[in-house]
Every structure is written in C-alpha cells, then in structure tokens.
Amino acid sequence: MKKIKAKTDRILPQWAPFSLYLGVDEKVLPSELKENIFLLTDYNKIGGTGLLYISVSPSGDDTRAPTGRRAVTVTCFIPRKEWNKSAQDESVKQNYTKAILKSLSTLITFIDEGIDVCEAAAPLDYEKYTLRPNGIVTGLAATNSSLGFKGLSNHTNYKNLFLIGDTCFPGFGANFVSISALNLSRIIGGN
C-alpha cells in the first residue's frame, strides 16, 4: 500500500469540480447555442485551468426546466490542494460564482438578466454527495506523470487485491473506467 500511496502522491495534482446550477429564461440564450460547450477563459481567473464546461438543457425538456426556461450547468475544475474546509466558506463560493458568471457573460451577453436560480456546488459538496475524498471526480489528474503506463496498474503487490476505476490505467471517464473493468475481468479470468 505504501508504494501505491507514493505513486499517487507523485502523480498529483488531482482536480475537483466547482459547479453552478442555473435556471435561465431561454429568451436570453442565443438560438445557435449548443448543448455542450467548452469556454476558455483567463487561465488565472477561475481555478487555474481557464476552462469552463457548460451544459445547456434542450429547449422543451420539461424534465430539467419548466417551459420557457433552461437548465444551465457550468463547471470548472480546481486543484484539490487549493480547496479545503476553510475554502468552503460562503464568501469563497460567492467569489467563484461571480467569476464564472462574468466569464459566462462573454458567451451569453444577457445571461444575468435571465437567471432566476443559481446554486453553487463546491468540491466538498461533491465529497458529501459522491463520498469521494475531497470531491475528486476525475480520478488521477491527466498529466505526463500519470498518463498511460505511467499511471497505476490494476495489479498490486497483494494477492487477490486489484485496482479498478478512474484512478488506475487507462484513466478517467466512463469509457476508460469500463476498459479498466474489462482489463480486470481478463486478469481474473486468466485471458
């Protein structure tokens, strides 16, 4: 276990999400707006990545928003080490919320006028609801020191103890977690 811990410490940083869940009047949304968008922002302004992932519910999807409204989720990723219990403070959440909304307004000019619901979820909120330490949702960070065969293997030094999921080879995301599971089934099955 010490070897695994040493390797994960070397592979850090890990990332955790900060998300805004918005209820928006669809009149302020451009008609050509796609449902999934990556928005590059100033690298130093939001979480140190400069990237916002935006998901917009389809018009007319009344399972996510009432008629004439749209659900908009905006997520940035924050280095895990930069978010701790003291950062869960409401003023820190408000600062992230303001920065995200300011960046979002560069894409959707009148977004502020159409928001009637704005809920923030910080990394420790994700920890509470996903039970993942520090709210980490992407396993190990995709860095040169963790990609491919440099990452954690399914094998450990302990008999019949294997690793599976987004923290080991080949990495995070539903596709790669499935490949991790397939790899382990082949190891156990002897194929």
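Numerical summary
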{"item": "Subset tally (residues that are under 19 Å from the mean Cα position of the chain (by Cα), surrounded by fewer than 16 Cβ atoms within 10 Å (Cβ to Cβ) and modelled with pLDDT of 65 or more) for segment 1-31", "result": "1"}
{"item": "Count - residues of segment 74-106 that are closer than 30 Å to residue 31 by Cα, surrounded by fewer than 16 Cβ atoms within 10 Å (Cβ to Cβ) and of a type outside the set (Gly, Ala, Ser)", "result": "5"}
{"item": "The listed residue being hydroxyl-bearing (Ser, Thr, Tyr), modelled with pLDDT under 75 and not assigned by TED's automatic domain parsing to the domain that holds residue 23, out of 153, 146", "result": "146"}
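The values are calculated or read from the model by the stated rules, or taken from the named source; none is laboratory data. These figures come from a predicted structure and were not determined experimentally. Quick reminder, even Gly has a Cβ in these numbers, built from the backbone with ideal geometry, and neighbours come from all protein chains shown.
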